[in-house]
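The values are calculated or read from the model by the stated rules, or taken from the named source; none is laboratory data. Since we're looking at a predicted model, the values are computed, not measured. Note that each Cβ is placed from the backbone with ideal geometry, even for glycine, and that neighbours are counted across all protein chains shown.
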Amino acid sequence: MRFRPAQEGWLPLAAGLTVFILLLLVPLVVTDVFWLGLGITVLMWAALATAWNISGGLAGGLSLGHAAFFGIGAYTSTLLYLRLDISPWIGLFAGGAIAGLAGAVLGAITLRLRGPFFVLATLAFGIVIHIIAVNWRDLTRGSAGLVLPFGGGPANMLFAGLEPYWYIGLGLLALTIAVTLAIQRSRLGYYLIALREDEDAARCLGVRVVQCKVLASAISAMLTAFAGTFYAAYIQYIDPASTTQFEISVQIALVAIVGGVGTTLGPAVGALIVIPIGEISRAWLGGGPALMVYGVLLIVIVLAAPRGVIGALEWLAGRLPRRQKASRHA
Amino acid sequence: MLEVRRVTVDFQGLRAVDEASFRIEAGEIAALIGPNGAGKTTLFNVVSGMIRPTSGEVLFEGRDLSRLGPADRSRMGIGRTFQIVKPFGGLTVRDNVVVGALTRGQSVAEAHGTALATLERLNMGHLADARAASLPLALRKRLEVARALATTPRLLLLDEIMGGLNPTEVNEALALISELRQEGLTFLIIEHNMQAIMQIAERVVVLNQGCIIAQGTPAEVTQDRQVIAVYLGEPLESA
Ligand SMILES: Nc1ncnc2c1ncn2[C@@H]1O[C@H](COP(=O)(O)OP(=O)(O)OP(=O)(O)O)[C@@H](O)[C@H]1O
Ligand SMILES: [Mg+2]
């Protein structure tokens with residue numbers, strides 16, 4: 001269930017491409033605004049959780065501060081657009097760069113921290129960014145939030161319909177998964193896994209801890225910021241409550257954990273389960289009751305599959321052949 | 001090649017290594033022996049950079065290593081195994097070795113080739129795809145050696161790799177060490193199997209309660225009164 005260096009093979013690649021092509025066709029079939037909107041939200045959270053997983057799963061530190069990077073992405077591209085008329089398509093990379101830098105610094109600071117101390121450090125970092133977003137009113141307008149003007153046009157990542165956001169969201173998710181796969185197959189992937197398995201042994205083989213963890217943290221932060229820019233362009237309104245708030249950090253980690261930390265596709269699968277439960281129960285039941293249903297269902301999932309959905313599936317897959325063998329002998 | 005200068009290591013009041021000094025010349029097979037708790041592994045940890053000595057320094061090919069961590073020392077050519085084995089348990093045997101090869105600048109594909117060749121050399125080729133955690137202890141020890149070898153070290157520190165091996169396996173290990181020495185590798189070996197180590201060691205350093213109480217050729221050391229008293233018990237009949 002944990003990251004292992006990826007195995008080569010054309011079959012997973014073919015399967016992946018097929019799914020990708022099928023997903024490209026979704027807007028042709030799903031035209032209802034509610035369902036397509038839900039699909040776009042799932043794609044965004046899938047990308048967020050997959051990005052989180054690069055530091056949380058591969059490098060092995062449970063971060064509860066990723067909303068900070070999400071917020072940095074959302075605010076950077078939005079402010080560049082509102083203040084300097086720079087397209088969010090460019091702001092995307094500016095936000096990614098700033099978040100990447102912040103991720104690198106956070107990675108360097110939290111390098112030697114273990115378990116709860118690591119979690120607390122990332123949590124504190126998230127809170128600092130949130131406080132800045134709320135209180136630096138001259139820049140962010142605080143909790144009043146920022147509105148992206150209507151009619152910015154495709155050149156500014158602002159569209160009238162939902163379909164373009166579906167495709168951008170899909171591209172974002174494909175990018176985060178591709179980056180995850182590339183890391184797994186690379187030197188960095190081997191080093192991160194080795195460090196997580198046994199840091200002392202890895203160091204004595206020449207693996208440089210600082211480089212690896214800083215790089216993983218920066219990549220994870222950058223991809224998370226991309227999703228932030230996407231969110232801002234999609235919702236066309238951002239405020240601290242919807243971007244830098246602690247709950248966002250929790251949900252990013254939660255989605256990944258439900259799907260399966262450290263697995264390549266687990267975080268995306270987690271989003272496919274968690275986000276619809278949350279959104280649909282909110283739409284049908286409204287506020288309070290929805291939150292309860294959402295909470296109870298999450299508890300059930302985590303109890304039923306403590307290693308995530310992918311972990312549970314792998315466990316099942318591991319048992320099936322054995323059961324067949326056993327029955328043949330019986 | 002390696003010079004340990006007046007190295008002292010204190011663990012909260014316990015002096016594990018006390019002003020230890022010795023040198024190893026390039027191409028040599030040196031043995032580090034002594035009773036349990038003498039400080040042998042601690043000395044390895046100092047040389048490989050896992051712990052900083054309370055005082056003293058380590059020089060490798062004339063360079064002071066004090067400011068370098070384990071990764072840099074490994075990249076300079078110091079390889080080591082761990083007495084308490086530390087496999088990357090969730091990975092295959094091959095991927096364990098790949099990590100070592102990768103740090104020498106090989107591409108992932110090249111590193112896979114190196115890993116397989118290294119495993120073949122240690123008669124572990126058939127285990128390449130087994131999970132490291134599934135190996136019995138003797139093979140995990142051999143994996144320690146394979147991983148370290150894949151980093152192409154010039155000095156290799158082996159910490160009790162022969163414990164638990166049968167006589168045939170011990171002879172295989174000795175043959176491999178001699179072969180690698182022919183290829184230019186220098187060894188510092190911690191071993192309790194005196195019969196075995198005295199066959200190949202050219203220099204022996206004896207540690208007792210953190211102090212070096214004797215060093216010299218196997219013949220000199222095995223005749224040393226103090227060494228016999230604290231460690232060997234009775235003179236060894238030559239093997
Ligand atoms: N990290 C540590 N913290 C505290 N004490 C330690 C530590 N590591 C080793 N020691 C102590 O230092 C002394 C030397 O230990 P060391 O492991 O170096 O002995 P050794 O010669 O390798 O013994 P053995 O032959 O049993 O492996 C022992 O008394 C040990 O308990
Ligand atoms: Mg020891």
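Annotations
- Any hit, segment B:18-31, residues being over 21 Å from B:ARG181 (Cα atoms) and either β-branched (Val, Ile, Thr) or more than 16 Å from ligand 1 (Cβ to nearest atom) (or both): yes
- Just one of the numbered conditions (1) among the hydrophobic types (A, V, I, L, M, F, W, C); (2) under 18 Å from the mean Cα position of the chain (by Cα); (3) within 14 Å of chain A (Cβ to nearest Cβ) is not true of B:ILE24: (3).
- Among helices (runs of 4 or more DSSP H) entirely within segment B:31-124, having at least 1 residues that are out of contact with any Leu (no Cβ under 8 Å at 6 or more places or on another chain), crowded, with 21+ Cβ neighbours inside 10 Å and facing another protein chain (nearest Cβ under 9 Å) singles out B:70-76, B:93-102.
- Helices (runs of 4 or more DSSP H) contained in segment A:150-268 and holding at least 3 residues within 14 Å of chain B (Cβ to nearest Cβ): A:163-185, A:187-197, A:199-204, A:209-235
- Of the residues making up segment B:31-49, not one is more than 16 Å from ligand 2 (Cβ to nearest atom) and within 18 Å of B:GLU191 (Cβ to Cβ).
- Summed over segment A:295-313, the residues that are in a helix (DSSP H, G or I) and under 18 Å from A:THR50 (Cβ atoms) give a count of 5.
- Among (1) within 14 Å of the chain's Cα centre (by Cα); (2) assigned to a helix (DSSP H, G or I); (3) hydroxyl-bearing (Ser, Thr, Tyr) - the single one A:THR76 does not satisfy: (1)
- Looking only at residues of segment B:125-142 that are touching a helix residue (DSSP H, G or I) at 6+ places or on another chain (Cβ under 6 Å) and in a helix (DSSP H, G or I), we find that the one that is surrounded by the fewest Cβ atoms within 10 Å (Cβ to Cβ) is B:GLY125.
- Residue pairs meeting the criteria (Cβ under 8 Å; at least 6 apart or on separate chains; first under 26 Å from B:MET162 (Cα atoms) and touching a residue at least 40 places away in the same chain (Cβ under 8 Å), in segment B:64-84; second of a type in the set (S, T, N, Q) and within 16 Å of ligand 1 (Cβ to nearest atom)): B:SER74/B:SER48; B:ILE78/B:SER48; B:ARG80/B:SER48; B:GLN83/B:THR41
- Pairs are defined by a Cβ separation below 6 Å, a sequence spacing of at least 6 or placement on different chains, a first member in segment B:181-200 that is touching a residue at least 40 places away in the same chain (Cβ under 8 Å), and a second member that is among the basic types (Lys, Arg) and assigned to a helix (DSSP H, G or I); the pairs so defined are B:ILE190/B:LYS40.
- Of residues in segment B:152-175 being away from chain A (no Cβ under 14 Å) and in a loop (DSSP other than H, G, I, E, B), the one farthest from ligand 1 (Cβ to nearest atom): B:ASN166
- Looking only at segment B:56-77, and only at residues there that are in contact with a Ser or Thr (Cβ under 6 Å, 6 or more places away or on another chain) and within 16 Å of ligand 1 (Cβ to nearest atom), the one that is farthest from A:VAL210 (Cα to Cα): B:GLY56
- All strands (runs of 3 or more DSSP E) inside segment B:176-221 with 2 or more residues being more than 16 Å from ligand 2 (Cβ to nearest atom) and within 16 Å of the chain's Cα centre (by Cα): B:186-190, B:203-208
- Restricting A:GLU279, A:GLU247 to residues that are at pLDDT below 90, under 20 Å from A:GLY145 (Cα atoms), out of contact with any Cys (no Cβ under 7 Å at 6 or more places or on another chain) and surrounded by fewer than 24 Cβ atoms within 10 Å (Cβ to Cβ) narrows the list to A:GLU247.
- Single residue of segment A:28-60 satisfying the filter (of a type outside the set (A, V, I, L, M, F, W, C) and surrounded by 24 or more Cβ atoms within 10 Å (Cβ to Cβ)) that is farthest from A:VAL214 (Cα to Cα): A:THR50
- Cβ pairs under 6 Å, 6+ apart, first in segment A:257-271 and among the hydroxyl-bearing types (Ser, Thr, Tyr), second surrounded by 24 or more Cβ atoms within 10 Å (Cβ to Cβ) and at pLDDT 85 or above: A:THR264/A:THR180
- Residue in segment A:221-241 that is under 17 Å from A:VAL128 (Cα atoms), of a type in the set (Gly, Ala, Ser), more than 15 Å from the chain's Cα centre (by Cα) and modelled with pLDDT under 95 present: yes
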